[in-house]
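Please treat every number below as a calculation from the coordinates, not as lab data. Keep in mind it's a predicted model, so treat the numbers as computed, not measured. Ideal geometry is used to build each Cβ from the backbone, glycine not excepted, and the neighbour counts take in all protein chains shown.
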Amino acid sequence: MLPEGVLINGLTGEVSPGTGKYTKRLSELREIFQDQTELDRLVEVEGDPVVYEVIEYRKEGSDLFFGTTTMEPGKVSGEFFMTRGHFHQRRDMGEVYYTQSGHGVLLLESRKGETKVVRMDPGVCAFIPPDWAHRSINVGSEKLVFVWVCNVDAGHDYGDILKHGMRKIVVDRDGKDTIMNNPHYSL
Ligand code: F6R
Ligand code: ZN
């Protein structure tokens with residue numbers, strides 16, 4: 001294994017060299033939004049827009065990997081575009097999110113049900129402690145681009161968030177991003 005410099009474009013999220021990528025479109029995120037009727041309509045009339053793209057840089061045998069997440073601006077009935085959100089499978093492994101451009105909200109939830117919010121503005125490096133679920137939300141009108149760094153063994157556990165939702169949602173109220181209780185949250 002040899003050291004290497006990886007060029008990251010903080011405006012587009014491009015990673016050179018990158019070793020893998022995936023895209024999430026609105027139709028694949030149906031369950032996480034409040035208004036699924038409106039989501040279906042948007043998928044129909046807007047041709048299933050991209051919500052976010054993840055590009056990673058990973059080296060065989062390394063303990064760490066990193067990459068970018070690039071989130072498009074957008075809303076479904078006032079609820080901002082967001083990632084699925086997850087705990088890590090390894091409960092002893094956290095993560096770092098370093099915002100490059102755009103404006104977002106990082107919504108975090110501990111196993112005990114505490115909620116924390118970290119604003120994602122350019123230059124803010126967010127510390128995500130082990131065993132806190134995390135979801136990023138683009139609350140701006142441009143792309144939100146952030147770099148994440150994580151242990152390769154951390155893994156993703158999407159089940160809890162998919163089943164119960166998160167306790168808070170982030171919506172546009174009179175042009176301001178507002179954190180509200182999730183009316184559909186269930187234990
Ligand atoms: C990895 C991590 C990020 C997210 C990415 C997409 O542990 O936190 O790379 O995976 O921002 O979000 P999810 O995976 O929640 O759809
Ligand atoms: Zn993570």
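Suppose the chain between Glu114 and Lys163 were pulled fully straight at 0.36 nm per residue; how much longer would it get relative to their current alpha carbon spacing?
On the way: separation 49, 0.36 × 49 = 17.64 nm, distance 1.77 nm.
The span from Glu114 to Lys163 would gain 15.9 nm if fully extended.
Go through segment 113-122 residue by residue and turn each phi into a ³J(HN,Hα) via Karplus (6.51, -1.76, 1.60, θ = phi - 60°); whole Hz please, and just put x for glycine and proline.
These are the phi-based 3J(HN,Hα) values: x, 6, 10, 9, 10, 10, 5, 9, 10, x Hz.
How high is the FRET efficiency from Ser16 to Glu72, r the C-beta distance, R0 25 Å, rounded to 0.05?
Plugging the Cβ-Cβ distance into 1/(1 + (r/R0)^6) gives 0.75.
Among all the lysines, which ones have a C-alpha under 20 Å from Lys21's C-alpha, if same-chain residues fewer than 8 places away are not counted?
The reachable lysines, counting only those whose Cα sits under 20 Å from Lys21, are Lys59, Lys143.
Give me D for segment 87-153 in µm² s⁻¹, whole number, from Stokes-Einstein with Rh from the Kirkwood sum over alpha-carbon pairs, 4 °C and 1.567 mPa s. Kindly include the intermediate steps, with their values, before the conclusion.
On the way: Rh = 12.1 Å.
Reported coefficient: 107 µm²/s.
Roughly what would the spin-label model give for Arg41 and Val152, points 7 Å off Cα along C-beta, in nm?
A separation of 4.7 nm, rounded to one decimal place.
Run the simple label-point estimate for Leu187 and Phe127 please: 7 Å along Cα→C-beta, distance reported in nm.
3.0
Please list, in order along segment 48-55, the HN-Hα scalar couplings obtained from phi with the Karplus expression 6.51 cos²θ - 1.76 cosθ + 1.60 (θ = phi - 60°), rounded to whole Hz, x for Gly and Pro.
Using θ = phi - 60°, the values come out as 6, x, 5, 9, 7, 10, 10, 10 Hz.
Say the dipole of segment 99-187 comes from +1 at the beta carbon of Lys and Arg and -1 at that of Asp and Glu; which of His103, Val139, Ile169 then lies farthest toward its positive end?
Final value for the positive-end residue is Ile169.
Measuring from label point to label point, each 7 Å out along Cα→Cβ, what is the Met180 to Ser62 span in nm?
4.2
Show the residues, 5+ positions off or on another chain, whose built amide H is closer than 5 Å to the amide H of Arg25.
Val51
Among His86, His156, rank each residue by its count of other Cβ atoms within 10 Å, from fewest to most, as a rough exposure measure.
His156, His86
Grab the other residues whose beta carbon is less than 13 angstrom from that of Arg173, score K and R as +1, D and E as -1, and report the net.
-2
Grab the DSSP H runs of the chain that are 4 residues or longer, score each as -39,500 (n - 2.57), total them, divide by all residues and round the 222 nm result to the nearest 500 deg cm²/dmol.
Result for the chain, helices only: -2500 deg cm²/dmol.
Within 10 Å of each residue's Cβ, count the other Cβ atoms and sort Met166, Met180 from fewest upward.
On the way: Met166 20, Met180 11.
In order of increasing Cβ crowding within 10 Å: Met180, Met166.
What value does segment 7-181 have for Rg/Rh, both radii from Cα atoms and Rh as Kirkwood defines it? Working shown, then result.
On the way: Rg = 15.5 Å, Rh = 16.4 Å.
We get a ratio of 0.94 for segment 7-181.
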